[in-house]
Structures are given as structure tokens and as C-alpha cells.
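Worksheet: one structure, shown below.
Just so it is clear, none of the values below were taken in a lab; they were calculated from the coordinates. Remember, predicted model here, so these are calculated numbers, not experimental data. Here the Cβ is made from the backbone with ideal geometry for all residues, glycine too, and neighbour counts use every protein chain on show.
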Amino acid sequence: MSIDKMNNYDFGIVGLGVMGRNLLLNIADKGFAIAGLDLDPQKAESLEAEASEGHRIKVTTQVKEFIGALQQPRAIMLLVPAGKPVDMAIASLVPLLDKGDIIIDGGNSYFADTDRRFNELSGMGIHFFGMGISGGESGARRGPSLMPGGDKKAYERLRPIFEAVSAKVNGEPCVEFLGNGSAGNYVKMVHNGIEYGIMQLIAETYDLMKRLYGFDTQTVQQTFEKWNEGELNSFLLEITAQILKKKEGDQYLVDLISDWARSKGTGKWTSQNAMDLQVPVPVIDAAVNMRDMSKYKPERLEAAKLLHWDGHAVDLPATTLIDRLKQALYFVIITTYAQGLAQLTVASESYSYELDLRVVTKVWRGGCIIRAALLEDFRKAYAANPDLRNILLDNTIAQKLLSTQASLREVLKDAIANGIPVSGYVNALSYFDAYRSEKLPTNIIQAQRDYFGAHTYERIDQEGIFHTLWD
Ligand code: 6PG
């Protein structure tokens, strides 16, 4: 590691945990001089040990030393846990900063917090923007997907660094300015909501193969690996196939892992905000619900005895079952993206983000957790029609759904008849069936509301607002 003069580091990172450390090394690999700050001396030391010859890296536990090392106007990225730690980090930096300096929040911050921080800091002349970062540890090190939004001028100044470190797809960087205000954090939040949905769907697929079809783990593993070579190709399917290979002694490691799923909250925020915006995202809701259901283990153990009931085996050739399930999974994954993207469409209008979903889907094609071959189809759909309200309304996507829906219905018939919980799958299909219904039974709900609460209703044969004395 070379010794650099003070005051000449291009970029600074606060928080040298998994994401901070790996992103810092990635930036250093690309030839930028980078300073890191962490109050924990062990983290600082271990990072120094990881740096290689030619890297221009400075690591410190002292805020003053960190700020003094940075070129002016300074650019500092926070990679600390969402919530209070972000406010604390900002408070520790601000007294030492000058007007024109930039702070970027690279964590999974709640979008409303980003708006508040933006307003507080812009009053002090400090540029602030939120940038979602996806790809986990290896993404941060080798090329993440970056979702910046907010202060466009500040982003433009740092664009060369972000384009250099991001993942690339066909030579195009997986980073682009996404929109106003908290757009970057919002898009990352919905990315995570979709991530929750797809993870749940893959878990249900595993359960169907094991419990309903009676396949062994090796068959499930090989099937996922094979599917990943085709149109279902995606990071989440790929890693699940790898997970299912891992053994400890003669046992599969997954069989030793507790089924109590944890979460940090981004999936729940997606669902909560979708409800505020009145956008249906039922697969994401189901995924959040199932993580919650998983933690009721003692109750589930009791219910497993009291409510025990065995279905019957599905007696069909394995190839038929696998082919059906492949089509079904393709269908439900498309509808999950459709829900998240529809949420972004509405959020963009409600919060004036001015998102371009062609750009969002382009940025998601590589580096991020929900990267998948399908993203290219979605990008094409938005490129052909920038005003597309829902990807279910794109002709190519619609054909994909129409050609796979029959298989999904067959899969669900067996799953439901045998009592296998498939709420992700079921909600994906119900969303599709509701969305394509010319008439929903919600006229009954309007009549009920008017009956008991005089809430009035509209008619299809006359203009105006009506109330009936029903009894
Ligand atoms: C990513 C991931 C990342 C993180 C999730 C985990 O895009 O790299 O989404 O942000 O792994 O926040 O979320 P849960 O702990 O809620 O599952």
C-alpha cells in the first residue's frame, strides 16, 4: 500500500462492515484513492491487511483524520445500518464539512428518512442523496447494481466512480440516475420486496417437489440447476441450486437449518407502503406473511398434531410434474415483478420521482439479487411503451403468461388438494385472475357499505352518487 499525502483521497466510506469494506476495495481496484472510517479499530486493521499493492487506501478510526484526508468538495458514502446509525453518522460528520460537500447514503434506509435528511442537509448547503446498493458481499466487491436518486448534480460529479465499480451487462453499467428525492431508496425497497417474493416462490417450489411429488434433494437440486440454464435463469435460482448441493457429512445442510426466517424490514416496508398507495402486491405480502408465520414454531408444532391430515400422492411421471412446475414458476415470478413494477409506477406519480422503468429494469439486469434473464424482457417492454402501467399489458409478456397459466392451475389443484401451503403461488394467480377480470364482485362490497353505513355507490347506467334504503 502506498503512502499518500493528506487531502487527496477521491472518496470516503463510513462504515467498514461487509458492504463498506468490499465496496471500498472495489473502488480501490478501479484506481481511485479511497479513505475509510470505522470506529471499530479491528475493522480498520483487517481492511488494511486486505488491501493490496497499488491500492491507495487510508483507513482510520478518527473522524477528523478521515475528513482531512478527502479532496474538496468531499464525497462521503455511508454504509451503516438503516435508522439511527445513519443520523448519528451524519451528525458526527456535519460539523467538519463545508458547503458543497456530498453525503451519499448507500444503506437500506427508509425512503421517508432520506427525504427528511435531504431537507435537513440541503439547508446547510450539503448535497445528500440516497443510493440503493444490491448484490450483497460479492456484489459490493465485484460489481453491484447501484440505484441513485435525489441530487442529480451531486450524482453527476461521482458518476465516473459509480460506473467504474458497478456490474456491467453487455458493457453497460448497472447504475443510472433514477429520479428525484428518495427515488434511489424507494426503488431499492421495492427491489427487496420483489426479492422477498421470489425467494418465497422458490422455497414453495422446493416444498412442492419434496412434499407433494416426493422427489429427493438431489433431483430438486439438478432440476433447479437445469432450469437456471434457460428462461428461468436468475441469481436466486442459481444460488438455491448451489445451496442444495451443500452437505455436512451425509446430511444436506438445508435439512439442518431452522425454518425460522428472519428479516430486516425492507419487505414489510414495501407491503406497508403499497397499502398506503393502494397498489396490490399480494405475492410480496404473502412472502412477508410467511416469514412471520415461520416464527410461530411452537404453535405450529402443536397444530401439526391437532390439525394433522394427509393428502394423497400425485401419481404422474416425474417429467410431466417437473415441466408443469417449471412453467408455473415462470408465471408466478413474472407476476411478482409485475406487482413491484406497478408499485413503482404509482409511487413515481405520488412522490414525483419521475422514474423511467426502462432505466430501473436496465439497472436491475446485473449485479443485484433479483437479476434474471426476464429483466431484459421487461426492459424491452418499457422501451417499446414508456407509459406501460403494468407489464401484464405488454403483448409479449401477456403471451408468456397465457402459455404457462394452465400448468400453474394444474400445480395448484394438486397443492391445494394435498394441503401444501403455497400462498406465494396462489396470490400470483389470483392477482392475474383479478387483473384480467372485466368485472369484479366489488359491486357487492359497495352495496354492503351503503346498506350498513350509507356510504353511497356509483352506478353503471347513470351518472352521480346514489344511496338506497335497502331494508
Ligand atoms: C441486496 C439485499 C440486501 C440484504 C437484504 C436482506 O439487495 O443486496 O437485498 O439489501 O441482504 O436487506 O434482507 P432481509 O434481512 O430483510 O431478508
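Placing one identical point scatterer on every Cα of the stretch 36-184 and ignoring solvent, what is log10 I(q)/I(0) from the Debye formula at q = 0.12 Å⁻¹? So the normalised log intensities work out to -0.51. What you get for the chain, charging only the Cβ of Lys and Arg (+1) and of Asp and Glu (-1), is a dipole of about 600 debye around the Cα centre. When ASP310, ASP433 are sorted by how many other C-beta atoms sit within 10 angstrom of their C-beta, beginning with the fewest, the order is ASP310, ASP433.
Computed extension length for GLU463-ILE444: 5.0 nm, one decimal, from 0.36 nm per residue of separation with the Cα-Cα distance subtracted.
What order do you get for 111-117, 312-318, 139-145, 166-172 when each peptide is scored by the mean count of other beta carbon atoms within 10 Å, highest first?
Numbers: 111-117: 19.4, 312-318: 10.9, 139-145: 23.3, 166-172: 15.4.
Per-residue mean Cβ counts within 10 Å order the peptides as 139-145, 111-117, 166-172, 312-318.
Spacing of the modelled spin labels on GLN42 and GLU225, each 7 Å from Cα toward Cβ, amounts to 3.7 nm.
How large is the charge dipole for the stretch 165-226, taken about the Cα centre, if only the Cβ atoms of Lys, Arg (+1) and Asp, Glu (-1) carry charge, to the nearest 20 debye? Dipole magnitude for the stretch 165-226 comes out near 40 debye. The lysines within cross-link reach of LYS210, meaning a Cα-to-Cα straight distance under 29 Å and a gap of 8 or more places when in the same chain, are LYS226, LYS245, LYS246, LYS247, LYS264, LYS268, LYS295, LYS297, LYS305, LYS326, LYS400, LYS413.
Spin-label pair ARG436-GLN71: with each label point 7 Å from Cα along the Cα-Cβ axis, the two points sit 5.5 nm from one another.
Determine by what factor the alpha-carbon radius of gyration of the stretch 124-219 differs from 2.2 N^0.38 Å, reporting the quotient.
Numbers: Rg = 18.3 Å, N = 96, 2.2 N^0.38 = 12.5 Å.
Compactness ratio reported: 1.47.
Using Cα-Cα distances under 8 Å and only pairs 6 or more residues apart, what relative contact order does the stretch 117-179 have, in percent? Spell out each step's value before the answer.
Details: 90 pairs, mean separation 18.5, N = 63.
For the stretch 117-179, the relative contact order is 29 percent.
Just the Cα atoms of the chain, one point each, no solvent: what log10 I(q)/I(0) does Debye give at q = 0.13 Å⁻¹? For the chain at q = 0.13 Å⁻¹, log10 I(q)/I(0) is -1.22. Stokes-Einstein, applied to the Kirkwood radius of the stretch 226-285 over Cα pairs at a viscosity of 0.692 mPa s and 37 °C, places its translational diffusion at 225 µm² s⁻¹. Answer with one residue from GLY136, LEU121, SER109: the one whose Cα lies farthest towards the positive end of the charge dipole of the stretch 109-153, charges on Cβ with Lys, Arg +1 and Asp, Glu -1. The Cα lying farthest towards the positive end belongs to GLY136.
The Cβ shell under 15 Å around LEU96 holds other residues with a net charge of 0, Lys and Arg each +1, Asp and Glu each -1. Think of the stretch 64-143 as having a plus end and a minus end, set by charges on the Cβ of Lys, Arg, Asp and Glu; of LEU97, PRO85, GLY68, GLY68 sits farthest toward the positive end of this dipole.
Cβ neighbours within 10 Å, averaged per peptide: list 205-215, 50-60 in order, most packed at the top. Kindly include the intermediate steps, with their values, before the conclusion.
On the way: 205-215: 19.1, 50-60: 16.7.
So the order, starting with the most tightly packed, is 205-215, 50-60.
The alpha-carbon positions of the stretch 264-317 define a convex hull whose volume is 153 Å³ per residue. Expressed to the nearest 5 percent, the antiparallel share of DSSP beta bridges inside the stretch 130-265 is 90 percent.
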